[in-house]
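A quick write-up on the structure given underneath.
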Amino acid sequence: MSSKTAIITGTSSGFGLLCAIELAKHGFQVIATMRNTSNAGPLLSSAKKQNVLENIHTYPLDVTSTESINHLTTYLSHFHTIDVLVNNAGFALGGFSEELTVEDYRKQFETNFFGVIAITNAILPFMRAQGQGRIINMSSISGKIGFPGLSPYVSSKHALEGYSESLRLELKPFGIDVVLIEPGSYKTNIWSSIDSTNLNSDSPYYSYMGAILKEIGTGMTEHGDPQDVANLVAEIATLQKTPDLRYPIGKDVKKNLFLKKVLKWKLIEEAILKKLLR
């Protein structure tokens, strides 16, 4: 195959599904990976409606499994080039640090952070050999600003930010670009794991988590259209010039990042706690 090839992780729903369709519409052969390809129905249905089904190649991939990643690298020999990698697979673990275990944090990092490193390291030899490539890591506003009740997710995204900064500097001499996309709140299922039933009613944090869930629920009507993020991914993937390192996107994201930069943390925490505990 002579057309450009993109690999996307976590394409069964949300950003990953939309990114796969959008890159296919831009002429990429898209290797759309997901842990269980029996969940590919929505992706394939959408691809058929958009007349890009021939550009979509589903493949099973568990980013936490070395064996699974090795199978993928063997499969990649069918493609002429590996031009874009979109590290999108991830989930959000909710809960308060005191009531979570270290194993909970490890589980979060295995997918959101170590999984990114594992799949990236597997793809880099292909990109180095061809002298070009673009790696797009799906971060979050949570990778820049902390939020209560989400410390595993926030920590994993902060780690991803630092890793991507270093990786970009390491890969520049090889013609490979590393990019971070930092979405705010969007209408995806990433927050489905945050549930008040995970917290015992006797917990000292019970009412606090209730306030957080209420805030998340109230703000859902203002969540952005995830298609905007998919459009941004396609724009970065096809950009002729060197892309920026960071692309914040979403309602109030740039404003909040600016405020964190210029305000003392004490003022920020007062504003957050006042909003949640009013």
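This table checks each residue for (1) under 30 Å from Ala211 (Cα atoms); (2) surrounded by 18 or more Cβ atoms within 10 Å (Cβ to Cβ).
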residue: Asn87; (1), (2): no, yes
residue: Ala129; (1), (2): no, no
residue: His158; (1), (2): yes, yes
residue: Ile176; (1), (2): no, yes
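Using beta carbons and a limit of 9 Å, which pairs, at least six apart or on different chains, have the first residue in segment 16-36 and at pLDDT below 95 and charged (D, E, K, R) and the second one part of a strand (DSSP E or B) and surrounded by fewer than 24 Cβ atoms within 10 Å (Cβ to Cβ)?
Listed pairs, sorted by first residue: none to list.
Tally the residues that are exposed (fewer than 15 other Cβ atoms within 10 Å of the Cβ) and in contact with a helix residue (DSSP H, G or I) (Cβ under 7 Å, 6 or more places away or on another chain), restricting the search to segment 67-80.
Residues flagged as exposed (fewer than 15 other Cβ atoms within 10 Å of the Cβ) and in contact with a helix residue (DSSP H, G or I) (Cβ under 7 Å, 6 or more places away or on another chain) within segment 67-80 amount to 1.
Here are the criteria: (1) at pLDDT 95 or above; (2) assigned to a helix (DSSP H, G or I). Tell me which single one Ser77 does not satisfy.
Among (1) at pLDDT 95 or above; (2) assigned to a helix (DSSP H, G or I), the lone unmet condition for Ser77 is (1).
Residue under question is Val154, and the condition is that it be within 16 Å of the chain's Cα centre (by Cα), among the hydrophobic types (A, V, I, L, M, F, W, C) and within 30 Å of Leu100 (Cβ to Cβ); does it hold?
Working: within 16 Å of the chain's Cα centre (by Cα): yes; among the hydrophobic types (A, V, I, L, M, F, W, C): yes; within 30 Å of Leu100 (Cβ to Cβ): yes.
It is true that Val154 is within 16 Å of the chain's Cα centre (by Cα), among the hydrophobic types (A, V, I, L, M, F, W, C) and within 30 Å of Leu100 (Cβ to Cβ).
Residues of segment 195-254 being within 17 Å of Ser142 (Cα to Cα), at pLDDT 90 or above, among the basic types (Lys, Arg) and not in a helix (DSSP H, G or I), which ones?
Taking segment 195-254 as the starting set, the residues that turn out to be within 17 Å of Ser142 (Cα to Cα) are 212-213, 215-216, 219-220, 223-224, 226, 229, 245-254.
Narrowing further to those that are at pLDDT 90 or above: 226, 229, 245-250, 253-254.
After this cut, where a residue has to be among the basic types (Lys, Arg) as well, the list is 246, 254.
Selection gives Arg246 alone.
Find all pairs meeting these conditions: Cβ atoms under 9 angstrom apart; at least six residues apart or on different chains; first residue within segment 119-145 and touching a residue at least 24 places away in the same chain (Cβ under 8 Å) and over 21 Å from Tyr247 (Cα atoms); second residue surrounded by fewer than 22 Cβ atoms within 10 Å (Cβ to Cβ) and small (Gly, Ala, Ser).
Pairs found: Met127/Gly175; Arg128/Gly175; Gln130/Gly175; Gly131/Gly175.
So which of Thr64, Thr58, Thr111, Thr120 is within 19 Å of the chain's Cα centre (by Cα), surrounded by fewer than 22 Cβ atoms within 10 Å (Cβ to Cβ) and in a loop (DSSP other than H, G, I, E, B)? Give the steps one after another, and end with the answer.
Working: Thr58 fails: in a loop (DSSP other than H, G, I, E, B); Thr111 fails: in a loop (DSSP other than H, G, I, E, B); Thr120 fails: in a loop (DSSP other than H, G, I, E, B).
Step by step, each of Thr64, Thr58, Thr111, Thr120 is checked, and only Thr64 is within 19 Å of the chain's Cα centre (by Cα), surrounded by fewer than 22 Cβ atoms within 10 Å (Cβ to Cβ) and in a loop (DSSP other than H, G, I, E, B).
Among (1) at positive phi; (2) touching a Leu at 6+ places or on another chain (Cβ under 6 Å), there is one condition Ser139 misses while meeting the rest; what is its number?
Only one criterion in (1) at positive phi; (2) touching a Leu at 6+ places or on another chain (Cβ under 6 Å) is unmet by Ser139, namely (1).
With the condition kept exactly as written, say whether any residue in segment 28-35 is of a type in the set (Lys, Arg) and either assigned to a loop (DSSP other than H, G, I, E, B) or closer than 30 Å to Met209 by Cβ (or both). Can you show your working first?
Narrowing segment 28-35 to residues of a type in the set (Lys, Arg): 35.
From what's left, either assigned to a loop (DSSP other than H, G, I, E, B) or closer than 30 Å to Met209 by Cβ (or both): 35.
Yes; the residues of segment 28-35 include at least one that is of a type in the set (Lys, Arg) and either assigned to a loop (DSSP other than H, G, I, E, B) or closer than 30 Å to Met209 by Cβ (or both).
State which residue is surrounded by the fewest Cβ atoms within 10 Å (Cβ to Cβ) when the search covers only segment 4-15 and only residues that are more than 12 Å from Ile136 (Cβ to Cβ) and touching a residue at least 40 places away in the same chain (Cβ under 8 Å).
Filtering segment 4-15 for residues that are more than 12 Å from Ile136 (Cβ to Cβ) and touching a residue at least 40 places away in the same chain (Cβ under 8 Å), the one surrounded by the fewest Cβ atoms within 10 Å (Cβ to Cβ) comes out as Ser13.
Counting just the residues of segment 135-162 that are of a type in the set (Val, Ile, Thr) and either part of a strand (DSSP E or B) or in contact with a Lys or Arg (Cβ under 8 Å, 6 or more places away or on another chain) (or both), which one comes out nearest to Leu18 (Cα to Cα)? Walk me through it before giving the result.
First, the residues of segment 135-162 that are of a type in the set (Val, Ile, Thr): 135-136, 141, 145, 154.
When the remaining residues are screened for being either part of a strand (DSSP E or B) or in contact with a Lys or Arg (Cβ under 8 Å, 6 or more places away or on another chain) (or both), the result is 135-136, 145.
Details: Ile135: 17, Ile136: 15, Ile145: 26 Å.
Across segment 135-162, the extreme among qualifying residues is Ile136.
Only one of these conditions is not met by Gly27: (1) more than 19 Å from the chain's Cα centre (by Cα); (2) farther than 18 Å from Asn231 by Cα. Which number is it?
(2)
The values are calculated or read from the model by the stated rules, or taken from the named source; none is laboratory data. What you are looking at is a predicted structure, and each value in this text was computed from that prediction instead of being measured. Here Cβ is always computed from backbone atoms with ideal geometry, including for glycine, and neighbour counts include all displayed protein chains.
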